[in-house]
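Below is one structure, written out as structure tokens; comments come after it.
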Amino acid sequence: MNALMRFAKGIDKINQVVGRFVSWITTLLVLVVFVDVVMRYVFNISFVFTQELEWHLFAFIFLMGAGYTLLHDGHVRVDIIYQRLGSKAQAWINFIGCLLFLFPGCFLIIYTSMGFVENSFAILEGSPDPGGIPLRFILKSMIPLGFTLVWLQGISLFLKSFLIITGHEAIERGAA
């Protein structure tokens, strides 16, 4: 059982590191949006590259930060019942939720996005707009990568839930 917990904590560390990196990208996004707003409203100048960079950074933050969010139990859910339950009942909900929803959903997105990403790399897809970002294929590769991180974090949650259900571990929220 200790090996399962060590494996889960290893996954947690991966998403913790990715999450810290994403936090710096969030700071960069704020700076890019600030510069874009100043350029548009003070100097009446707008660049396609800057606008595309905003949504590329946002997409990167969303995709790469999803596993970190799951690690820290930050995803939106209806907690009316869940929050009032004990740790074992919560573990059962997480265990079943991973099996029925998280794993199949991640697999579906990873599997279906691979062809999308391969096609994008094959043509070295870039922005269709003049002055746009030429490396759109790199952003598209974040789709399967981001959902792989969510899937890995789901494995960690699944293992921790299993250990709680079987009475081998006390619940641990968001600690890496």
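In region 45-59 there is at least one residue that is in a helix (DSSP H, G or I), among the charged types (D, E, K, R), over 30 Å from residue 157 (Cα atoms) and out of contact with any Phe, Trp or Tyr (no Cβ under 6 Å at 6 or more places or on another chain).
Among residues of region 99-123 being in contact (Cβ under 8 Å) with a residue 12 or more places away in the chain and among the hydroxyl-bearing types (Ser, Thr, Tyr), the one that is farthest from residue 19 (Cα to Cα) is 120.
Residues satisfying the criterion are present in region 65-79 (criterion: surrounded by 11 or more Cβ atoms within 10 Å (Cβ to Cβ), of a type in the set (A, V, I, L, M, F, W, C), under 27 Å from residue 155 (Cα atoms) and in contact with a Phe, Trp or Tyr (Cβ under 8 Å, 6 or more places away or on another chain)).
For region 93-140: of the residues being among the polar types (S, T, N, Q) and surrounded by 18 or more Cβ atoms within 10 Å (Cβ to Cβ), which is nearest to the chain's Cα centre (by Cα)? Taking the candidates together, the pick is 113.
Applying the selection to region 124-157, what residues are in contact (Cβ under 8 Å) with a residue 12 or more places away in the chain and outside any helix (DSSP H, G or I)?
Result: 124, 125, 127, 129, 130, 131, 132, 133, 141.
If you go through region 66-86, how many residues are of a type outside the set (Phe, Trp, Tyr), without any contact (Cβ under 8 Å) to a residue 60 or more places away in the chain and part of a helix (DSSP H, G or I)?
3
Each reported figure results from applying straightforward, stated rules to the coordinates on display, with no laboratory input. None of the values given here were measured: they were computed from a predicted structure. Cβ: placed from backbone, ideal geometry, glycine included. Neighbour counts: every protein chain shown.
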